[in-house]
Amino acid sequence: MKLTPEQFAQFDRDGYLFFPGLFSSEETKTLTAAVPELYSRREAYNVREKGKDAVRTNFAAHLYSEPFAKLARHPRMVEPVQELLGEALYMHQFKINGKQAFDGDVWQWHQDYGTWKNDDRMPTERAMNVAIFLDDVNDYNGPLMFIPGSHKRGVVDARHDLTTTSYPLWTIDNALIAQLVERAGGKNGGIVSPKGPAGSMILFHGCLVHASGSNLSPWDRVSVYLSLCAVSNHIRRFKRPAYIAHRDFTPIETLPDDCLLKDYPVDLPWKNGMPASALATSTDELKLAA
Ligand code: SIN
Ligand code: MN
């Protein structure tokens, strides 16, 4: 898939690109079918909603689940990111967010690069977020919301919120959000939320301000969130465990376009369990050759 000059201009202006129905329902089903078993595992990589059993987010499935390992190497996902960043990529983070019917909690307003910078010492914003819908996303099941153009502000002030949900996040205060929304057009386009069928994909800039509300609907909103980072921009600190912020900077090699529907060998290094090293943390900066 080659991006058009208009798509490059749109990404630069708005900070995101939306590809409705990019993966077929047959392809998407190979992923959706694997989710309940992954979510049932009592492992550190399944973070549950505060006070509930529902999974908020599952980390690193591409290292132990075959369909997700293939998605992580899918050319329809990797190639446009590579075009936009102009460099080989590695997988910085891989999540399957549950946003389960009735139980899915909010994601407060934030920028992902804020966390990558503050926690992981990622040198620059040369990394991309990708969202792939595994369920249809509608007005009611907690769609992702963006403030278009907010990536142009670079990294904005944020505070580490350890209490609102079960997952710590660097969040942006309400006054700044109100200002950013007003500048983006207020009630006329200051907040947008791409919605569409399962199989849709969004690419969004690491500095794009985003959030999502809770899911009070009877419909799950499972989505995969992948963060792909330019190899030269790899993280410099291992404060977060490796199952959350990966430390393997090997460039992603893509599989053929039909990989979700056919058998292709993929490496599953954590198939028989996560190594203890994946839970280890360190606040030392990496002393790597430049
Ligand atoms: C995220 O920002 O990482 C997740 C947002 C969502 O699942 O709605
Ligand atoms: Mn985010």
Exercise. Restricting attention to the range 46-90, and to residues there that are touching an Asp or Glu at 6+ places or on another chain (Cβ under 9 Å), of a type in the set (Lys, Arg) and in contact (Cβ under 8 Å) with a residue 60 or more places away in the chain, which single residue is least open to solvent (accessible area, probe 1.4 Å)?
Worked result: Arg56
Seminar exercise, completed: Asn188 fails exactly one of (1) more than 18 Å from His110 (Cα to Cα); (2) in contact (Cβ under 8 Å) with a residue 12 or more places away in the chain, namely (2)
Problem set entry | Filter pass, Ile177 being open to solvent by less than 20 Å² (accessible area, probe 1.4 Å), within 17 Å of Asp112 (Cα to Cα) and in contact with a Cys (Cβ under 9 Å, 6 or more places away or on another chain) | no
For this session: State whether one or more residues within the range 122-135 are charged (D, E, K, R), away from ligand 2 (no atom under 14 Å from the Cβ), under 14 Å from Ser227 (Cα atoms) and modelled with pLDDT of 95 or more.
Result: yes
Exercise. Here is a list of conditions, (1) more than 16 Å from ligand 2 (Cβ to nearest atom); (2) open to solvent by 10 Å² or more (accessible area, probe 1.4 Å), and Gly190 meets all of them except one; can you say which number that is?
Worked result: (2)
For this session: Would you check if Trp116 is within 11 Å of ligand 2 (Cβ to nearest atom) and in a strand (DSSP E or B)?
Result: no
Exercise. Taking the range 7-37, which residues are aliphatic (A, V, I, L, M) and either without any contact (Cβ under 8 Å) to a residue 24 or more places away in the chain or more than 16 Å from ligand 1 (Cβ to nearest atom) (or both)?
Worked result: Ala9, Leu17, Leu22, Ala33, Ala34
Seminar exercise, completed: Subset of the range 136-161, residues farther than 20 Å from Leu22 by Cβ and open to solvent by less than 40 Å² (accessible area, probe 1.4 Å), comes to Gly142, Ile147, Pro148, Gly149, Ser150, His151, Gly154, Val156, Asp161
For this session: Output the number of the condition that His92 fails; it satisfies all remaining conditions of (1) within 24 Å of Thr254 (Cβ to Cβ); (2) more than 17 Å from the chain's Cα centre (by Cα); (3) not small (Gly, Ala, Ser).
Result: (2)
Exercise. If you go through the range 251-270 one residue at a time, how many are in contact (Cβ under 8 Å) with a residue 60 or more places away in the chain and out of contact with any helix residue (DSSP H, G or I) (no Cβ under 8 Å at 6 or more places or on another chain)?
Worked result: 1
For this session: Please go through the range 222-233 and pick out each residue that is surrounded by fewer than 20 Cβ atoms within 10 Å (Cβ to Cβ) and not polar (S, T, N, Q).
Result: Tyr225, Val231
Problem set entry | Selection status of Thr32, open to solvent by less than 30 Å² (accessible area, probe 1.4 Å) and either within 18 Å of the chain's Cα centre (by Cα) or on the phi > 0 side of the Ramachandran plot (or both) | no
For this session: Keeping to the range 69-88, report how many residues are outside any helix (DSSP H, G or I) and under 21 Å from Asp258 (Cα atoms).
Result: 3
Problem set entry | From the options Ala131, Ala101, residue that is in a loop (DSSP other than H, G, I, E, B) and among the aliphatic types (A, V, I, L, M) | Ala101
For this session: Can you confirm whether the range 135-155 contains a residue that is under 13 Å from the mean Cα position of the chain (by Cα) and either part of a loop (DSSP other than H, G, I, E, B) or more than 12 Å from ligand 1 (Cβ to nearest atom) (or both)?
Result: no
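The values are calculated or read from the model by the stated rules, or taken from the named source; none is laboratory data. What you are looking at is a predicted structure, and each value in this text was computed from that prediction instead of being measured. As a convention, Cβ positions derive from the backbone with ideal geometry for all residues, glycine included, and neighbour counts pool all protein chains shown. Just the protein is used for accessible areas: all its heavy atoms, side chains included, with ligands, DNA and RNA removed. Shrake-Rupley method; radii C 1.70, N 1.55, O 1.52, S 1.80 Å.
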